[in-house]
1. If exposed trypsin sites (Lys or Arg not before Pro) are those in a DSSP loop with at most 14 other Cβ within 10 Å, what is the longest stretch of the chain that has none?
2. Which log10 I(q)/I(0) values, to two decimals, does the range 1-117 give at q = 0.15 Å⁻¹ under the Debye formula with one point per Cα?
3. Measure off 7 Å from each Cα along the Cα-to-Cβ vector at ALA313 and THR140, then give the distance between these two points in nanometres to one decimal.
4. Report Rg (one decimal) and Dmax (nearest whole number) for the range 54-203, counting Cα atoms only, units Å.
5. How far is it, in nm, from the label point at ASP277 to the one at ASP147 when both lie 7 Å from their Cα along the line to the Cβ?
6. For the range 138-235, what's the radius of gyration and Dmax over Cα atoms, in angstrom?
7. Quick check: pseudo-label points 7 Å beyond the Cα along Cα→Cβ at ARG289 and ARG231, how many nm apart are they?
8. As an exercise, use a Förster radius of 30 Å and the Cβ-Cβ distance of ASP193 and ARG55 to find the FRET efficiency, rounded to the nearest 0.05.
Amino acid sequence: MDLTPLILERKLDSRLWGGDTLGGWLGLANAPAHLAESWQVYEHNLVAEGPFAGRTLADLARDHGAALVGTRPFARGGADFPLLAKFIDAADHLSIQVHPDDAYAHSVEAHTGFHGKTEAWYILRATPGASLIHGLAHPTTRAAFADALHDGTLSELMRRVPAQAGDTVFVPAGTIHAINAGIMLFEIQQKSDLTYRVYDYDRRDANGQLRELHVERALDVANFGEQPPARAVPERIDEARTLLVRCEYFAMERWDVREARAAATDPGSFEILTVIDGAAELGWAGGARALRCGESVVLPAALGEYQLRPAGAAALLRCYVP
């Protein structure tokens, strides 16, 4: 059976820092309280409709290999769907945290099966005065960082970056970071869920226990030297397309579509299209599907030609493996 565009069931996740706006923005009738994350595209999400309904994205990747994931991801990791796309809504500060790179994940965390975690954020909304933590204000040492954790002066080491809608923030593995209160964003990342909490504001979980920290592993993987820039510099591709960020693991573009537009998948990679404003109809040989704001679709690498027909105007994020 030929592969078609794949709409997946979302994985909804409530957290103690979650907000109350994401469910309404996604058009969910009965959103859970403190909805923090919507995992739009993840290998264990089920296909929601069409000829492959009820199967996971991972199942289809194993069956179809490079026809689904593309020749580039297949050459690197075989039939492994390598990315995770999600929305995040923060009503409170997330923990200050850091993620390992591939080398550390494959050695120390080999039992998890995860790779490292590099990610990027596209900020959708930010309340006045909202900020992000991205790296250190100045290079330091492991020992000095550990001392700051112990004596309560960690805040003085953090680099705070004002958050503005439309910004793209690149977070390479090893960058200490946190999404703070008042921010809703789209995140594209390596599919890894390895997160090492450095500081969590002494918050307690549903059982009244302090949430676990992972200080030693965080100290192992954190970058204490020169820090990467926080904001990625966008590059205009044409009148409708802007490259927001690109690294070895993923690229993300913003498409502003005001009239029907023809495009085609590259056999080298799948695409993830996510509507962040307006609505559009996706058409391909043999079918069409209206996409509402907040919906994501996976386009298999072998799909070929497709069309986007906006309902007036639409903005989409396009993610793929370069």
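Readers should treat all values here as calculations from the given coordinates under stated rules, not as data from a laboratory. These figures come from a predicted structure and were not determined experimentally. Neighbour counts are summed over all protein chains in view; Cβ atoms, including those assigned to glycine, are modelled from backbone coordinates with ideal geometry.
1. 56-202
2. Relative scattering, expressed as log10 I(q)/I(0), comes to -0.85.
3. 4.4 nm
4. Reported Rg and Dmax, both Å: 17.5, 54.
5. With each label placed 7 Å out from Cα toward Cβ, I get 4.8 nm.
6. So, for the range 138-235, Rg and Dmax equal 14.8, 47 Å respectively.
7. 3.5 nm
8. It comes out at approximately 0.90.
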